[in-house]
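Visitor: First the structure, then my questions, so here it is.
Every read-out reported here was derived from the displayed coordinates using simple, explicitly stated rules and does not represent laboratory data. Just so it is clear, the structure is predicted and the values come from calculations on it, not from any experiment. With ideal geometry, Cβ positions are generated from the backbone for all residues, glycine too; neighbour counts draw on all protein chains shown.
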Amino acid sequence: QAPLVESGGGLVQPGGSLRLSCTISSGLARNNIGWYRQASGKEREEVASILVNGATKYVDSVKGRFTISRNTVKRTVYLQMNSLKPEDTAVYYCTNFNTGAWGLGTQVTVSS
């Protein structure tokens, strides 16, 4: 089983919403998880993270629009993305900070 699997990406119009999911193979409650994104021609950037103690962090460009959360029973971390903008277009990846594992990513395209 892959250590992390992302899902939920797609094409959405500006102002729309998407919810990304990152399902990990085990031990979500003991691991710190982050969401990153990489737009074409740009470096990968950290978007949001959630720690074992529940603390969350966001990059300034998504504050107030994105929310990271987790469900330890479902072993899933979510990234709720609202008020999406064309500049949010990227491949979104989740990573386990404790193990260094990365998922394969899911494409998010914001376009009219």
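Visitor: Quick one: net charge around residue 91, please, counting Lys, Arg +1 and Asp, Glu -1 for every other residue with C-beta under 11 Å from its C-beta.
Guide: Taking every Cβ under 11 Å from that of residue 91, the sum is +2.
Visitor: Rg(Cα) of the range 1-52 divided by 2.2 N^0.38 Å?
Guide: Expressed relative to 2.2 N^0.38 Å, the Cα Rg reads 1.33.
Visitor: How big is D for the range 56-108, in µm² s⁻¹ as a whole number, if Stokes-Einstein is applied with the Kirkwood radius of its Cα pairs at 37 °C and 0.692 mPa s?
Guide: This corresponds to a translational diffusion coefficient of 262 µm²/s.
Visitor: Moving on. For the chain, divide the Cα radius of gyration by the Kirkwood radius and give the resulting Rg/Rh value with two decimals.
Guide: On the Cα set of the chain, Rg over Rh gives 0.95.
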